[in-house]
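Take a look at the structure below.
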Amino acid sequence: MELNVETIYYLENPEAGIIKFATGSQLKYGDIVKEVFGVADINDLLMMIEYNKSFQDSVCKAKGIREDEITLEMIFRVASNQDLVQLKD
């Protein structure tokens, strides 16, 4: 018997008001990034952070930060224990 443990990721699009959790397999084989962010892959998400003004504004408002403080980890990261509590509730 093989134990297969998946990493769970946290994805948040404050502009669209979407928070999703996804496994590594879902990210690799599914359209979850497109569903949450409207872009094809993570590289496009980096471009969104850098050039999409309305997306930048929504992240800044949601996180209470300035535009130059936005990081990918704020909206796409391995889910923390605190994130997973939200999933449980």
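Viscosity 0.890 mPa s, temperature 25 °C: what is the translational diffusion coefficient of the chain from Stokes-Einstein with a Kirkwood Rh over Cα pairs, rounded to a whole number of µm²/s?
Working: Rh = 13.8 Å.
Value of D from the Cα-based Kirkwood radius: 178 µm²/s.
What base-10 log of the normalised intensity I(q)/I(0) is obtained for segment 1-49 from the Debye formula, alpha carbons as equal point scatterers, at q = 0.15, 0.16, 0.19, 0.21 Å⁻¹?
Evaluating at q = 0.15, 0.16, 0.19, 0.21 Å⁻¹ gives log10 I(q)/I(0) of -0.41, -0.46, -0.61, -0.72.
Long-range amide H contacts for Ile18: which residues qualify at under 5 Å (H placed 1.01 Å from N, peptide plane, sequence gap of 5 or more or a different chain)?
Long-range HN contacts for Ile18: Asn13.
Output the relative contact order of segment 8-83, whole-number percent, from Cα pairs under 8 angstrom with separation of 6+ residues. Don't skip to the answer; put the middle values down first.
Numbers: 86 pairs, mean separation 27.8, N = 76.
It comes to 37 percent, rounded to a whole number.
Between Lys53 and Ile18, what is the FRET efficiency for a Förster distance of 30 Å, r being their Cβ-Cβ separation, to the nearest 0.05? Show your work: numbers first, answer last.
On the way: r = 19 Å, r/R0 = 0.63.
Computed FRET efficiency for Lys53 and Ile18 comes out at 0.95.
Using θ = phi - 60° and the Karplus relation 6.51 cos²θ - 1.76 cosθ + 1.60, list the HN-Hα couplings for segment 43-53 in order, rounded to whole Hz, with x at every Gly or Pro.
Rounded to whole hertz, the list is 4, 5, 5, 4, 5, 4, 4, 7, 10, 8, 4.
With +1 on the Cβ of every Lys and Arg and -1 on the Cβ of every Asp and Glu, and nothing else charged, how large is the dipole of the chain about its Cα centre, in debye rounded to the nearest 20? Mind showing how you got there, number by number?
Numbers: 9 positive and 16 negative charges, 32 e Å.
Its charge dipole is roughly 160 debye.
Each value in this text was obtained by applying a stated rule to the coordinates, not by laboratory testing. For clarity, every value in this text was computed on a predicted model and none was experimentally measured. No Cβ is skipped: glycine too gets one built from the backbone with ideal geometry, and neighbour counts run over all protein chains shown.
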